[in-house]
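Participant: Sharing a structure below in structure tokens format, with a few things to ask.
Every number in this text was worked out from the coordinates using simple rules, so none of it is lab data. What you see is a predicted model; the values in this text were computed from it and never measured. Cβ coordinates were reconstructed from backbone atoms using ideal geometry, including for glycine residues, and neighbour counts include every protein chain displayed.
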Amino acid sequence: MFKIAGAFPVIAMMCVVVTLVPKATMAGEVVKEAKHGESLNPSEYTIVKRERKPSSYAEQDPTAESWVTEVVLKEPPAHIPVMQEDSYWWAGALLDPDSEKGIKCEWLEKGKILWIQWDTKSTGGSGVWSKQGHIIALVKDGEAKVLLVNAMQKYVQFGVDCVHEGQMYFLPEERDKQGRSRISRHFTTSDSLIESTQTDGNTPTLEGSDSRCDRRRCDSGLEITTELTVTEKGLLATGHHADASVCKSWEDCPDKEAPKVTVEDVIDVLSCGGLNKTVRTELKTALLRENQDIEKGKELNCARLGVSCRCSLDLIEPDEAGYIWPVPNVATTPEPGKPTDR
């Protein structure tokens with residue numbers, strides 16, 4: 001999950017949070033203000049907890065219980081299960097009580113396309129984890145049909161110094177030429193690492209060198225946007241775009257020349273540190289094609305680079321966020337039997 005760019009030997013590492021600058025707020029850019037959805041009025045729905053039973057962890061805690069939490073619309077009276085909660089502390093399966101009851105409901109298209117978001121309560125122990133789940137449902141003919149379920153790590157912390165944060169949100173878009181409803185999914189992550197470049201504490205420093213300047217900082221940000229069209233069979237992914245940035249500096253010596261950022265560093269962010277060699281090569285080709293000034297010597301440190309191709313989303317399985325029901329796929333092509341994207 002945490003990616004370290006470059007080839008310095010690492011002895012001590014500290015990880016902190018850096019927030020990815022939204023595209024609309026970058027200097028010199030004029031971006032049309034995004035259209036947002038409409039939050040449901042509390043009178044339009046209720047949150048119901050049902051099917052209470054002993055927890056599957058009852059041997060560890062006889063008082064622990066589990067139950068199903070669902071959103072129930074008033075009109076139409078549709079039930080949408082969101083999460084199977086469990087009161088056993090180590091299960092990590094409780095809604096966050098500090099997040100507006102843990103569930104957020106919003107119309108992306110009034111009375112038709114519903115977005116449900118929920119946050120889980122952080123667990124304790126050697127690491128702190130909180131997850132976030134998202135449901136897109138089509139409300140039609142008195143029923144709610146789930147079209148998409150995504151889950152992700154919202155907050156991860158190991159010890160006191162290593163933190164990763166992620167965010168996902170959905171926006172309504174204009175209808176396509178065929179009059180079909182469209183929405184967009186925005187997935188963002190941000191990481192920051194501080195690495196020690198000394199090999200060990202006994203290594204002597206060169207005369208005139210500054211031992212304070214041995215900690216390199218690398219901040220990375222990623223935003224992946226997917227355009228989704230509502231069809232009779234479900235959601236169809238009809239457009240993909242990703243933006244990534246990598247910033248390197250010396251933590252205690254800001255005036256020292258910054259470490260070099262390479263194209264491979266950017267691809268590490270775009271691919272979430274994964275993908276095989278062939279796919280990485282295709283991604284590099286697309287990145288160079290759409291950012292031709294890279295080969296002309298463009299400075300890549302802190303540059304925001306975009307590419308119009310599918311990039312891997314660092315998602316988790318929905319059941320890790322408590323969603324235990326069948327999960328529909330998002331088609332990447334209108335033809336049946338082709339690959340799908342979660």
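Participant: Highest mean first, how do 299-308, 235-244 rank when packing is the count of other Cβ atoms within 10 Å averaged over residues?
Facilitator: 235-244, 299-308
Participant: For Asp141 and Glu75 in the same chain, what is the full-extension length gain: residue separation times 0.36 nm, less their Cα-Cα distance, in nm?
Facilitator: 22.7 nm
Participant: Provide the gained length on full extension for the span Ala58 to His36, in nm with one decimal, where the gain is 0.36 nm per separating residue minus the Cα-Cα distance.
Facilitator: Taking Ala58 through His36 to full extension adds about 3.6 nm, to one decimal.
Participant: Let me know the shape class of segment 241-314, please: from the alpha-carbon gyration tensor, a ≥ b ≥ c as square roots of the eigenvalues, rounded when a/c is under 1.5, otherwise prolate if a/b is greater than b/c, or oblate.
Facilitator: Prolate.
Participant: OK, next. What does the charge add up to near Arg289, with Lys and Arg as +1, Asp and Glu as -1, over the other residues with Cβ less than 11 Å from its Cβ?
Facilitator: Net of charged neighbours comes to -2.
Participant: Continuing with this model, one more query. Considering only Cα-Cα distances, which of the following residue pairs are longer than 23 Å: Lys74/Lys145; Lys177/Lys284; Lys154/Lys233; Lys35/Lys284; Lys49/Lys145; Lys104/Lys233?
Facilitator: Lys177/Lys284; Lys154/Lys233; Lys35/Lys284; Lys104/Lys233
Participant: Could you compute the net charge surrounding Phe187? Neighbours are other residues with a C-beta less than 9 Å from the C-beta of Phe187; K and R count +1, D and E count -1.
Facilitator: Spelling it out: positives minus negatives among the neighbours equals -1.
Participant: So, one more: Please report the net charge: other residues with Cβ closer than 9 Å to the Cβ of Leu94, K and R +1, D and E -1.
Facilitator: -2
Participant: Hey, with R₀ at 22 Å, roughly what FRET efficiency would Ile316 and Glu264 work out to, going by the Cβ-Cβ distance, to 0.05?
Facilitator: Once rounded, the FRET efficiency stands at 0.25.
Participant: Another question, then. What FRET efficiency comes out for the pair Glu257/Val128, r = Cβ-Cβ distance, R0 = 30 Å, nearest 0.05?
Facilitator: After rounding, the FRET efficiency stands at 0.25.
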